[in-house]
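A short worksheet on the structure shown next.
Please treat every number below as a calculation from the coordinates, not as lab data. All values reported here derive from a predicted model rather than from experimental measurement.
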Amino acid sequence: MNTQQLESFLQVAENLNFARAAEVLNVTQSAVSRQIQTLEEELGAKLFFRTTRTVTLTPEGVIFLEHAKQVLGQLRLAAARVQHHSSTGARILRIGCESETDLDFLCTVLAACRGEIQAFHPYLRIVPHRALLNLFFQGELEVLFGFSEGLPLRNEVDFVPLRQVPLCCVVPAGNPLATRQTVDEETLFRQHLVLCSAYALPARVVELQNRIAQRLYPEQVHLSESPQVVRTLVQAGYGCAILPRPSGGTEGLAYLPLEGIPPLTYGLCYARTSDNGLLRRFVEIARTVAAP
């Protein structure tokens, strides 16, 4: 199926006349007939009732008409956007992160880029960690944000540390623990715990939460697939959790640094061999924003 078939179908459906459709498309009537015939063969259905005097849509044609309009409309919109970007010199940078919490810090970086880089158009992807790495190595992302433990630190990849993030015990703001400045590991052995999937957290966090969970009864442990769900369960009172402190708002939660646990290094990585000047400028701005 191609756009010529869809264009021919739409013109015949709107004019109910093959000759008029051919005139609008500036092609021969036989060319329009061939496009409709091949389209019907691909769909395995007749789209028009045709006699020597009239052309009408079949029930299948009526159904297909709305979808064909949507498909061509999306294609035209995509073409218009590409042409607009080309004419305005839009500079696109593809950025990946694995959590919405990354956007808190990224927001300040993007705000600085908006003032420093002309026609800057960031394209953001928020996807699970495993898929994120695949996109990066396939060249579909140019920058990755995350913790150093989970980023691809290889010879061909540069990692730029941006900030140190403490590991925290997360509790509702009204929890008795929320009045403390810090929490020791021993205290967590007396709490209910909301665990997060190993795929969504740095290895050090997973190791710590699993060590604590081993000291708890099964009914004291609740499982979750993402940090977002963890925070929801904690706020609902199902237990505490171990998460890196976010850079933005705490959403009614208290983040208490864990005693004796070193912070995680948060930053970005990019391909060392890249000669993309926009990428280099973005990295410089991110460093500046993160500087104390």
Taking the 0 to 90 degree range and rounding to the nearest ten, how far is the long axis of helix 102-116 tilted relative to the main principal axis of the chain, both from C-alpha atoms? 70
Please give the Cα centre distance for the stretch 215-292 versus the stretch 136-214, rounded to the nearest Å. 6
Give the relative contact order (percent, whole number) for the stretch 96-146; include only Cα pairs under 8 Å separated by 6+ residues. 60
Which of Gly239, Gly44, Gly96 moves the most in a Gaussian network model of the chain with Cα springs under 10 Å? Gly44
Counting only DSSP beta bridges with both residues in the chain, tell me the antiparallel percent, nearest 5. 60
Taking all pairs of distinct alpha-carbon atoms in the stretch 3-87, Kirkwood radius in angstrom: 13.5
0 to 90° range, to nearest 10: angle between helix 203-213 axis and the chain longest Cα axis: 60
Over the chain, what is the mean sequence separation of C-alpha contacts under 8 Å (at least six apart), divided by residue count, expressed as relative contact order in percent? 21
What number, rounded to the nearest 500 deg cm²/dmol, is the helix-based mean residue ellipticity at 222 nm of the chain, given -39500 (n - 2.57) per DSSP H run of at least four residues and division by all its residues? -14000 deg cm²/dmol
Could you tell me the relative contact order of the stretch 3-87? Use alpha-carbon pairs under 8 Å, at least six residues apart, and round to a whole percent. 26
